[in-house]
Amino acid sequence: MLADQVDYVVGVDPHRDSHALAIVHVLSGAVVFETTIAASSQGYAEVLQLVDAHAPGRRAFAVEGSGSFGAGLTRVLTSRGERVLEVSRLRRERRSGGKTDALDAVRAARSVLGQERPATPRAGGERQALQALVAAREGAVNAKCAGLAQIRDLLITTPEPLRSELRPLTQAPLLRRLAATRPEGRRDPELRGSMLALRSVARRVLQLQAEERELGRQIEALTRKLAPQLLDQPGVGPHAAAQLVLSWSHHGRIRSEAAFARLAGAAPIPASSGQTVRHRLDRSGDRKLNRALHMILVTRKRAHPPTIAYIERRIHEGKSRREANRCLKRYLARSLYRLLEHGPPIAT
């Protein structure tokens, strides 16, 4: 256990402008030192000075939210060779136990002491760059879909005969037509206002489409550099491969393919009753990773003969189609984890 490996654990409860720290002595469980530091370069340097003074010897940092508010501190500690552990969302004690940032820092430190293999933070470097690109593309896609829905709603109330001219057009010709309209010369204020609104939204959607394509190219190039072995697999596109890399992070973070399947929500859960023995899919875990597996499976079921044959064989054995899909998701998690774990190391 971690308690056998270190003398002190430094719990950190990070926030946007400040971080609460608590140093816990492992043998006694006592809180040796508590403080609050600024979430800045100067504050991070102060953390190292404080732990050198109050936690000499073997130590580890337990950071809650190491991928969000605690990312800056985690980056500095990792670069200095400190051992950093990731603390998931803490389960609050009963209300009688109270709730403060200082108490949360102490709970973060004590939460990792009994664990045999505490989680480590996700990798930075190129993986973090991929995370930023994926987040930006997802924002562009969501905004584009909202713009298309807005155009659809505006077309409902657009005056005739413009409405009849625009309704038969498919998406691409419609956007080009709307982006090129010139409503300034229209005398009808209702028609002029509708055309101005439609042109504005259409140009926004076209800009978002260009952003989406550019970010997609960057994501594919970086994914091909980090995990080219994934893109060689049937049904695995650049966006699914990027999500696999983001969730897996780096070698050794996920201890086994079974743990990866559990993270992906693809581990079988017993759902037997009486003489019926069956399993169902897990509804928890990383849902973005689960969706990536689902999209790979959808593609393979359409154009991958071994996958099609496997489903038919399991159905003939008495499995339902949903149960056959569950087995395939578990197989996908196993095979893709092995490709990631035995592939080239990811730069951090």
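The values are calculated or read from the model by the stated rules, or taken from the named source; none is laboratory data. All values reported here derive from a predicted model rather than from experimental measurement. In this analysis, Cβ positions are derived from the backbone assuming ideal geometry, glycine residues included, and neighbour counts consider all displayed protein chains. Please note that ligands, DNA and RNA were not included when accessible areas were found on the heavy atoms of the full protein model with its side chains. Shrake-Rupley method; radii C 1.70, N 1.55, O 1.52, S 1.80 Å.
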*asked:* Scan segment 107-128 and tell me whether some residue there is in a helix (DSSP H, G or I), touching a residue at least 60 places away in the same chain (Cβ under 8 Å) and under 16 Å from the mean Cα position of the chain (by Cα).
replied: yes
*Among what's in segment 1-24 and is open to solvent by 50 Å² or more (accessible area, probe 1.4 Å) and of a type outside the set (D, E, K, R), pick the residue that is farthest from the chain's Cα centre (by Cα).*
Q5
*Scan (1) surrounded by fewer than 18 Cβ atoms within 10 Å (Cβ to Cβ); (2) free of Cβ contacts under 8 Å to residues at least 60 places away in the same chain; (3) not basic (K, R) for the single condition L263 breaks and write down its number.*
(1)
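Looking for whichever is open to solvent by 70 Å² or more (accessible area, probe 1.4 Å), out of contact with any strand residue (DSSP E or B) (no Cβ under 7 Å at 6 or more places or on another chain), touching a residue at least 40 places away in the same chain (Cβ under 8 Å) and under 23 Å from I254 (Cα atoms) here; the options are R287, R338. Which one fits? Give the steps one after another, and end with the answer.
Details: R287 fails: touching a residue at least 40 places away in the same chain (Cβ under 8 Å).
Selected residue: R338, the only one of R287, R338 that is open to solvent by 70 Å² or more (accessible area, probe 1.4 Å), out of contact with any strand residue (DSSP E or B) (no Cβ under 7 Å at 6 or more places or on another chain), touching a residue at least 40 places away in the same chain (Cβ under 8 Å) and under 23 Å from I254 (Cα atoms).
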*How about segment 301-335: which of its residues are outside any helix (DSSP H, G or I) and either in contact (Cβ under 8 Å) with a residue 12 or more places away in the chain or small (G, A, S) (or both)?*
H304, G318, S320
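Being in contact with a helix residue (DSSP H, G or I) (Cβ under 8 Å, 6 or more places away or on another chain) and open to solvent by 20 Å² or more (accessible area, probe 1.4 Å) is the filter here; which residues of segment 49-64 pass it? Spell out the reasoning first.
Residues of segment 49-64 in contact with a helix residue (DSSP H, G or I) (Cβ under 8 Å, 6 or more places away or on another chain): 59-64.
Within segment 49-64, R59, E64 qualify.
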*asked:* Against the conditions (1) over 28 Å from A129 (Cα atoms); (2) surrounded by 12 or more Cβ atoms within 10 Å (Cβ to Cβ), where does R322 fall short? Just the number, please.
replied: (2)
*Only residues that are in contact with a helix residue (DSSP H, G or I) (Cβ under 6 Å, 6 or more places away or on another chain) and open to solvent by less than 70 Å² (accessible area, probe 1.4 Å): list them for segment 175-196, please.*
L175, L178, A179, T181, P183, M195
*Of the numbered conditions (1) modelled with pLDDT under 90; (2) open to solvent by 80 Å² or more (accessible area, probe 1.4 Å), P159 satisfies every one except a single condition; which is it?*
(2)
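Is it the case that V141 is crowded, with 18+ Cβ neighbours inside 10 Å, under 14 Å from E212 (Cα atoms) and in contact (Cβ under 8 Å) with a residue 60 or more places away in the chain? Before you say what the answer is, go through the steps one by one.
Values: crowded, with 18+ Cβ neighbours inside 10 Å: no; under 14 Å from E212 (Cα atoms): yes; in contact (Cβ under 8 Å) with a residue 60 or more places away in the chain: yes.
No; evaluated as a whole, the condition is false for this residue.
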